[in-house]
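Below is one structure, written out as structure tokens; the observations come after it.
We did not get these values from a lab; they are worked out from the coordinates using the rules stated. What you see is a predicted model; the values in this text were computed from it and never measured. Backbone-built Cβ (ideal geometry, glycine too); neighbour counts: all protein chains shown.
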Amino acid sequence: MRRTARAVCYDTEFAIQRTHSREDCVLIREDMARQQTQLTQPNKPKNVKRDPVASGERDACQNRSAGHEYFLTDRYETGIALRGTEVKSIRDGQASLKDSYGIIKDGELFLLNAHIGPYAPGAQFNHDSLRTRKLLAHREEIMKLHAAIQQKGLTLIPTRMYFKGGRVKVEIAVAKGKQLWDKRETERRRTADKEAREAISRSR
């Protein structure tokens with residue numbers, strides 16, 4: 001005769017009550033409950049790596065020439081209006097900020113000349129790689145940027161593109177172009193820093 005799990009449970013509890021005191025019965029029931037919980041809960045995988053793109057821990061691209069060509073001052077985080085194929089291309093590492101810059105027109109902020117390569121599976125739905133894209137910022141921030149670039153020699157330069165909370169962000173900086181001797185000084189410092197790092201690595 002087939003017995004149900006509930007009947008087996010009742011028989012087990014009856015046997016416990018016959019052979020143990022009330023206090024022992026309580027402890028045994030608690031131990032059985034813990035064991036049953038452990039059996040029903042699936043094992044959680046250990047050391048699961050977070051997706052660096054989804055968690056915003058990885059830069060999509062950096063404008064490495066910005067620090068060489070310009071003095072960078074105030075920096076602002078902005079959103080960017082993108083199409084679906086553009087987001088996928090950025091995830092694939094097909095974005096570049098070289099030679100790109102920002103402008104303010106009619107109270108809105110735009111990014112010009114940023115290159116986002118075509119997304120191969122997009123076919124006829126692909127985007128224009130160098131199209132002008134709107135940057136999303138608070139009105140107060142746009143007003144501050146507009147006031148800053150009214151000064152002679154200042155412009156807006158994007159320094160990096162990155163993911164934050166699964167969304168693409170662009171860091172844009174108020175920048176002033178360097179003179180030739182400024183660029184030479186920057187290059188000299190970079191070379192000195194590189195040599196210092198290499199010396200430290202050799203000494204370890």
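Here are some notes:
- 3J(HN,Hα) couplings calculated from phi for the range 121-129 with the Karplus curve 6.51 cos²θ - 1.76 cosθ + 1.60 (θ = phi - 60°) are, in sequence order, x, x, 6, 6, 8, 6, 9, 7, 4 Hz; Gly and Pro show x.
- Applied to the range 77-86, the Karplus parametrisation 6.51 cos²θ - 1.76 cosθ + 1.60 on θ = phi - 60° returns per-residue 3J(HN,Hα) values of 8, 10, x, 8, 7, 10, 8, x, 5, 5 Hz, with x for Gly and Pro.
- Listed residue pairs exceeding 24 Å between alpha carbons, taken from Lys105/Lys164; Lys105/Lys144; Lys88/Lys144; Lys134/Lys178: Lys105/Lys164; Lys88/Lys144; Lys134/Lys178
- Simple spin-label estimate for Arg75 and Gln124 gives 4.3 nm between the two label positions (7 Å along the Cα-to-Cβ direction from each Cα).
- Sorted peptide list for 76-89, 121-134, criterion being average Cβ within 10 angstrom, highest first: 76-89, 121-134
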